[in-house]
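The values are calculated or read from the model by the stated rules, or taken from the named source; none is laboratory data. These numbers come from a predicted model, not from an experiment. Please note: Cβ atoms are built from the backbone with ideal geometry, for glycine as well, and neighbour counts cover all protein chains shown. We work out accessible area using only protein heavy atoms, side chains counted, and drop any ligands, DNA or RNA first. Shrake-Rupley method; radii C 1.70, N 1.55, O 1.52, S 1.80 Å.
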Amino acid sequence: MKTSIALTAVAALAAKASAACWSQKLGYPCCSSSSAQVWFTDNDGEWGVENGDWCGIPKAESCWSQPLGYPCCTSTSTAVYTDGDGAWGIENGDWCGINGNSSQGSTPNVGNDENPVIGSQYTHSGNPFKGHKFFINPYYTAEVDAAIAQMSNSSLIAKAKKMKEYSNAIWLDTIENMNNWLERNLKTALAEQNQTGKTVLTVFVVYDLPGRDCHALASNGELLANDSDAARYKTEYIDVIEEKLKTYISQPVVLIVEPDSLANMVTNLENTPACRDSEKYYLDGHAYLIKKLGVLKHVAMYLDIGHAFWLGWDDNREKAGKVYAKVISSGSPGQVRGFASNVANYTPWEDPTLSRGPDTEWNPCPDEKRYIEAMYKDFKSAGIKSVYFIDDTSRNGHKTDRTHPGEWCNQTGVGIGARPQANPISGMDYLDAFYWVKPLGESDGTSDTSAKRYDGYCGHATAMKPAPEAGQWFQKHFEQGLENANPPF
Ligand code: BGC
């Protein structure tokens with residue numbers, strides 16, 4: 001808010017402000033403060049006495065200006081200044097936020113799309129995915145529209161149009177993208193929430209650790225594994241996320257935390273020097289972000305656990321229990337709701353054709369269902385209190401062409417999997433949701449062998465080519481994912 005407008009210059013306006021509270025419609029003035037002494041209470045509200053007459057005591061209510069350090073207006077509805085945060089009034093010589101007339105029981109002031117009014121604190125209870133409308137990312141909708149413009153097959157176009165009805169995660173994969181997308185989408189979701197009266201859940205992926213993607217090259221990030229970049233991660237990235245989330249308190253949010261990073265800490269420290277270099281920054285980064293973001297009541301976090309063909313083996317799962325338990329306690333008092341599996345991978349939810357044996361390299365968890373069942377038990381035994389999961393089903397509906405489950409880059413034979421939904425499997429109460437974390441159509445990595453972020457996996461036989469850089473639009477991969485959707489569109 002712009003505080004540069006001198007209060008004295010508008011004090012006269014404040015004096016003229018018409019009081020607004022529930023008692024006015026009954027013919028009584030409003031008391032001067034919501035903390036006035038209560039003399040009588042009836043169905044209308046609490047009554048005080050001022051100037052020898054009854055007055056209605058304005059109900060104390062939370063409003064959008066409180067998180068910004070300003071009280072809510074209790075007796076004025078006259079805006080003396082409006083900015084990106086909302087309409088400001090003046091009371092007792094200070095700015096206050098005008099929250100409409102919600103305390104008087106009339107239609108709440110929900111603002112408009114650009115300036116939605118932030119309501120009172122939302123608090124997750126139980127499954128964070130349950131009971132909400134899932135936010136549709138306008139950036140993805142635009143990507144799909146651009147993809148449709150390149151299509152001529154009408155049945156494919158119809159399928160592509162369906163994509164715009166489903167939610168997927170918003171990746172905050174650089175400081176710049178976080179600055180561009182976090183607040184903008186929170187605001188849009190809030191506007192929708194205000195207009196529909198139904199909670200709108202937005203899912204973000206926190207993805208910018210120093211030394212990111214230490215075991216591969218395709219998604220190496222902007223921050224390097226050194227002290228000064230680690231400081232930037234904290235101050236320019238996590239702190240800003242915290243600040244924005246602390247402002248938009250009235251809507252549910254889910255964060256998927258740093259894909260691949262902790263799984264690399266479980267399996268790739270010995271064999272990959274870059275992962276050893278990153279270790280302390282990954283661990284410190286997690287402790288920092290859990291402490292800061294894990295205390296926010298409207299925010300639920302899931303730590304990434306790779307997928308069935310990464311940590312599914314007995315020894316890996318056991319080690320994972322220790323690593324994740326330690327990471328979670330390092331973030332105390334912050335809380336973690338659970339774990340995200342299969343992010344940006346292709347492992348099917350169920351594959352009854354596979355069982356532990358030479359074909360699976362003796363992995364007893366050859367599909368996501370068996371992996372999550374086993375992880376649930378192991379994480380509980382490791383002493384982790386809150387053990388819930390989500391599974392990324394954006395690209396696991398159809399068995400891909402890969403002959404080895406370690407193939408992760410732009411697999412041919414891709415197909416969309418189960419639609420985003422809460423509590424998808426009855427009897428698996430610890431599975432909070434199927435959700436589309438990786439947006440179908442965004443590449444896993446470039447196949448250009450001369451590119452700095454070229455990873456050999458993106459050149460393998462079952463990786464679709466030519467492929468653009470990770471995160472860039474990959475039309476052919478998108479189209480194949482639509483064709484192979486299972487359940488079909
Ligand atoms: C890329 C990110 C991108 C994300 C979603 C990752 O593989 O590294 O830049 O935002 O995928 O497509």
(request) Output the number of the condition that ALA218 fails; it satisfies all remaining conditions of (1) out of contact with any Gly (no Cβ under 8 Å at 6 or more places or on another chain); (2) crowded, with 19+ Cβ neighbours inside 10 Å; (3) of a type in the set (Gly, Ala, Ser). (result) (1)
(request) Test THR174 against the stated conditions and say whether it is at pLDDT below 95 and either hydroxyl-bearing (Ser, Thr, Tyr) or within 16 Å of the ligand (Cβ to nearest atom) (or both). (result) no
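Every residue, every condition in (1) within 12 Å of the ligand (Cβ to nearest atom); (2) part of a loop (DSSP other than H, G, I, E, B), yes or no:
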{"residue": "ILE425", "(1), (2)": "no, yes"}
{"residue": "PHE434", "(1), (2)": "no, no"}
{"residue": "GLY445", "(1), (2)": "yes, yes"}
{"residue": "ALA451", "(1), (2)": "no, yes"}
{"residue": "TYR454", "(1), (2)": "no, yes"}
{"residue": "LYS476", "(1), (2)": "no, no"}
{"residue": "GLN480", "(1), (2)": "no, no"}
{"residue": "ALA485", "(1), (2)": "no, yes"}
{"residue": "PHE489", "(1), (2)": "no, yes"}
(request) Find all pairs meeting these conditions: Cβ atoms under 6 angstrom apart; at least six residues apart or on different chains; first residue within region 467-483 and over 17 Å from GLY445 (Cα atoms); second residue open to solvent by 30 Å² or more (accessible area, probe 1.4 Å). (result) LEU482/LYS159
(message) Can you tell me which of (1) within 26 Å of TYR70 (Cα to Cα); (2) at pLDDT 95 or above; (3) open to solvent by 60 Å² or more (accessible area, probe 1.4 Å); (4) touching an Asp or Glu at 6+ places or on another chain (Cβ under 9 Å) is the one LYS164 doesn't meet?
(response) (1)
(message) Please go through region 318-369 and give me each residue that is charged (D, E, K, R) and more than 20 Å from the chain's Cα centre (by Cα), ordered by number.
(response) GLU318, LYS319, LYS322, LYS326, GLU350, ASP351, ARG356, ASP359, GLU361, ASP367, GLU368, LYS369
(message) It is to be established whether one or more residues within region 324-335 are assigned by the TED database to the domain that holds ALA470, crowded, with 24+ Cβ neighbours inside 10 Å and outside any helix (DSSP H, G or I).
(response) no
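To keep it simple, each residue is scored yes or no on (1) in contact with a strand residue (DSSP E or B) (Cβ under 9 Å, 6 or more places away or on another chain); (2) modelled with pLDDT under 95; (3) not β-branched (Val, Ile, Thr).
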{"position": "ALA300", "(1), (2), (3)": "yes, no, yes"}
{"position": "TRP313", "(1), (2), (3)": "no, no, yes"}
{"position": "SER330", "(1), (2), (3)": "no, no, yes"}
{"position": "VAL336", "(1), (2), (3)": "yes, no, no"}
{"position": "TYR346", "(1), (2), (3)": "yes, no, yes"}
{"position": "TRP349", "(1), (2), (3)": "yes, no, yes"}
{"position": "VAL387", "(1), (2), (3)": "yes, no, no"}
(request) Could you check how many residues of region 37-64 are modelled with pLDDT of 80 or more and hydroxyl-bearing (Ser, Thr, Tyr)? (result) 1
(request) Quickly run through region 267-314 and pick out the residues that are under 25 Å from LEU201 (Cα atoms) and either of a type in the set (Val, Ile, Thr) or open to solvent by 30 Å² or more (accessible area, probe 1.4 Å) (or both). (result) TYR288, ILE290, LYS291, LYS292, VAL295, LYS297, VAL299, ILE305
(message) Looking at the structure I just gave you, is ASN185 open to solvent by less than 20 Å² (accessible area, probe 1.4 Å) and not aliphatic (A, V, I, L, M)?
(response) yes
(request) Name every residue in region 139-154 that is more than 15 Å from TRP473 (Cα to Cα) and touching a helix residue (DSSP H, G or I) at 6+ places or on another chain (Cβ under 8 Å), in order of residue number. (result) none
(request) Could you please give the count of residues in region 445-459 that are surrounded by 13 or more Cβ atoms within 10 Å (Cβ to Cβ) and among the hydroxyl-bearing types (Ser, Thr, Tyr)? (result) 4
